[in-house]
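Remarks on the structure that follows.
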Amino acid sequence: VLIGSMVGSMSCTYFMERFGRKHVAIVSSVLAAVLNGLTIIPVHWGYLFAMRVLLGIPASALTTTIPVWLSELASTAKRGVLTVCFQLFICGGIIVSALLLLAIGTRDDLYWISFLGTLVPCVCSAICCCFLPDSKKAKDD
């Protein structure tokens, strides 16, 4: 995931400037959902490794794009609060994910819970981004 995250965060600025924050967020959410679905197919450890690297790209693109987009949409008085809330939700998601994996343990028949736990936020993110306005900066370009 680290290698994919580095690629995603370094290339994200180019795509945000070229296509706009809204489109990058939607495509990244859909790509994360698809790659997450491909990750649960047990083929080989090399396949899993490749999927995890590829999954890092949209994950880091989302964590780069959304705070920039929020800061451009928000008023000056609310900008800091919204950006910090986004980071708090990321930390909360990591905690929930860790607790979920702790509860599942080594039971092989419950892998689908982990899949749904990551698929639902990706799909919700893609749907919600469709209804949000694009930033003024993206419209000016």
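The values are calculated or read from the model by the stated rules, or taken from the named source; none is laboratory data. Nothing here was measured: the structure is a model prediction, and the numbers come from that model. Cβ: placed from backbone, ideal geometry, glycine included. Neighbour counts: every protein chain shown. What goes into the accessible areas is simple: the full protein's heavy atoms, side chains included, and nothing from ligands, DNA or RNA. Shrake-Rupley method; radii C 1.70, N 1.55, O 1.52, S 1.80 Å.
Scanning residues 5 or more positions from S135 or on other chains, those with amide H under 5 Å from its amide H are R21, K22, with H placed 1.01 Å from N in the peptide plane. Principal-axis analysis of the Cα atoms of the chain puts helix 79-104 at an angle of about 10° to the longest axis.
Extension gain for T106 to L132 (0.36 nm times residue separation, less C-alpha to C-alpha distance): 5.4 nm. Here the accessible area of the chain is 76 percent carbon and sulfur, with a 1.4 angstrom probe and all protein chains present. For the chain, a/c is not less than 1.5, where a ≥ b ≥ c are the root eigenvalues of the C-alpha gyration tensor, and a/b tops b/c. That puts it in the prolate class.
Counting only alpha carbon atoms, the long axis of helix 21-39 and the longest principal axis of the chain meet at about 0°.
Extending 7 Å from the Cα toward the beta-carbon at both T13 and C85 defines two label points whose distance is 2.8 nm. Shape index of segment 2-80: Rg/Rh, with Rg the Cα radius of gyration and Rh the Kirkwood radius from the inverse mean 1/r over Cα pairs, equals 1.08. Only one residue of T13, V43, A74 has its Cα farthest out toward the positive end of the dipole of segment 9-97, where Lys and Arg carry +1 and Asp and Glu -1 on Cβ, and that residue is A74. Between 0 and 90 degrees, the angle of helix 111-131 with respect to the longest Cα principal axis of the chain falls at about 20 degrees. Placing unit charges on the Cβ atoms of the charged side chains and taking the dipole of segment 1-136 about its Cα centre, the candidate lying farthest along the positive direction among S135, L55, G4 is S135.
Solvent exposure of the chain, expressed per residue, is 64 Å² of accessible area, with all protein chains present and a 1.4 angstrom probe.
Dividing the summed helix terms, -39500 (n - 2.57) for each DSSP H run of n ≥ 4, by the number of residues in the chain produces a 222 nm estimate of -28500 deg cm²/dmol to the nearest 500. Only the Cβ atoms of Lys and Arg (+1) and of Asp and Glu (-1) were treated as charged; on that basis the dipole of the chain about its Cα centre amounts to roughly 300 debye.
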